[in-house]
Amino acid sequence: MSDNAPMKTFRLATRQSALALWQTEHVAARLRVAHPGLEVELVPMTTRGDRIIDRPLSEIGGKGLFLKELEVAMLEGAADAAVHSLKDVPMMLDGPFELAAILERGDAFDAFVSDRYTNIDALPKGARVGTSSLRRQAQLRARRPDLVLADLRGNVNTRLAKMETGEYDAIILACAGLERLGLSRYIRHRLDAPGWLPAVAQGAIAIECREGDADAAKILSALDHAPTRICVEAERAMNRRLHGSCTVPIAAYAALDGSALTLEGLVGSAATGECIRATHVGRAADPEGLGRLVAAELMVKGAGRLLGLSG
């Protein structure tokens, strides 16, 4: 499409969960402000990751299951871009796609949610805590090996309902998801760094488009937040070097202070609660290098054993 014939309608593929729709509506609103006159439409879809809710993601192929149908829609011309929670996006995108924009990050950390207890330390011995995240399980087991950790899938409201009916004494959810859905009242305690590390890129929204689609990339570039991109690139570089996916407990958090970038990384065991940590400060101009450096230290400290990697 040439500059003489600008795109009139822009279609955003999205999952149909309440949180995914909120995020996509947010992107649509930002695009309408950035490009007056542009019609932005949502293309809601159901992914395989949404349909299979009775098994942990680590057993059925990982978080990439939330992307495939949306990518097919782009390839078939049914959508111009797709909106994702960046923590659900694989470290290496399948071709021919690229992340054209990463929005300013929301709250990156996890929330302790319970209607009876104020925080993890207040839970009684043997309390039942719901989370299907191996990363969360590893950190919970490191802190409270006496807890009973149980799988928890479904959308945010489904998970909250299971907690409220007494199926769990507490659950762990992302702060950003609760806040975006107007449910921040459920956050009893915020689990933040350095004591607790989030998923790689947690709290960030990414917009994916077809590689080489100059029109889509130009439209989306107005929403890209450079400081967030720098931080999540460091986290994703660390994860990529560790061959990370949702089948292994990896956590990371990067913080930017001027030209200095700090990255904290963790590799854990959901079975034993063993956690290996590393932290380095690098240059904001080289987030990839910082990610590799932290990954290398984690490997030196024994992360390969926990990750099932040789060497």
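The values are calculated or read from the model by the stated rules, or taken from the named source; none is laboratory data. Given the structure is predicted, the values throughout are model-derived calculations rather than measurements. Virtual Cβ from ideal backbone geometry, glycine too; neighbours counted across all protein chains shown. Remember, those area values only see protein heavy atoms, side chains included, never the ligands or the DNA or RNA. Shrake-Rupley method; radii C 1.70, N 1.55, O 1.52, S 1.80 Å.
Points to keep in mind about this one:
- The condition of being surrounded by fewer than 17 Cβ atoms within 10 Å (Cβ to Cβ) and at positive phi holds for only one of G182, G203, that being G182.
- Residues satisfying the stated conditions in the stretch 131-158, i.e. assigned to a helix (DSSP H, G or I) and among the charged types (D, E, K, R): R135, R136, R141, R143
- Subset of the stretch 210-254 that is out of contact with any Phe, Trp or Tyr (no Cβ under 7 Å at 6 or more places or on another chain) and part of a strand (DSSP E or B) - its residue that is most open to solvent (accessible area, probe 1.4 Å): Y253
- Selection count, the stretch 185-194, where residues are part of a helix (DSSP H, G or I) and either without any contact (Cβ under 8 Å) to a residue 12 or more places away in the chain or open to solvent by less than 40 Å² (accessible area, probe 1.4 Å) (or both): 1
- Just one of the listed residues (R277, R210, R241, R236) is closer than 16 Å to L293 by Cβ and over 18 Å from the mean Cα position of the chain (by Cα), and it is R277.
- Filtered residues of the stretch 113-130 (kept if open to solvent by 20 Å² or more (accessible area, probe 1.4 Å), of a type outside the set (K, R) and either assigned to a loop (DSSP other than H, G, I, E, B) or free of Cβ contacts under 8 Å to residues at least 12 places away in the same chain (or both)): D115, Y117, T118, N119, A122, P124, G126
- Answer residue from the stretch 137-158, given it is under 17 Å from L178 (Cα atoms) and either touching a strand residue (DSSP E or B) at 6+ places or on another chain (Cβ under 6 Å) or of a type in the set (G, A, S) (or both) and is surrounded by the fewest Cβ atoms within 10 Å (Cβ to Cβ) among those: G154
- Of residues in the stretch 257-271 being open to solvent by 60 Å² or more (accessible area, probe 1.4 Å) and modelled with pLDDT of 95 or more, the one farthest from L309 (Cα to Cα): G258
- Screening I276 against (1) part of a strand (DSSP E or B); (2) touching a residue at least 40 places away in the same chain (Cβ under 8 Å) leaves a single unmet condition, (2).
- Flag for M74 being of a type in the set (A, V, I, L, M), in contact with a Phe, Trp or Tyr (Cβ under 9 Å, 6 or more places away or on another chain) and either at pLDDT 90 or above or not in a strand (DSSP E or B) (or both): yes
- Of everything in the stretch 159-170 that is free of Cβ contacts under 8 Å to residues at least 40 places away in the same chain and either of a type in the set (V, I, T) or outside any loop (DSSP other than H, G, I, E, B) (or both), the residue that is surrounded by the fewest Cβ atoms within 10 Å (Cβ to Cβ) is T165.
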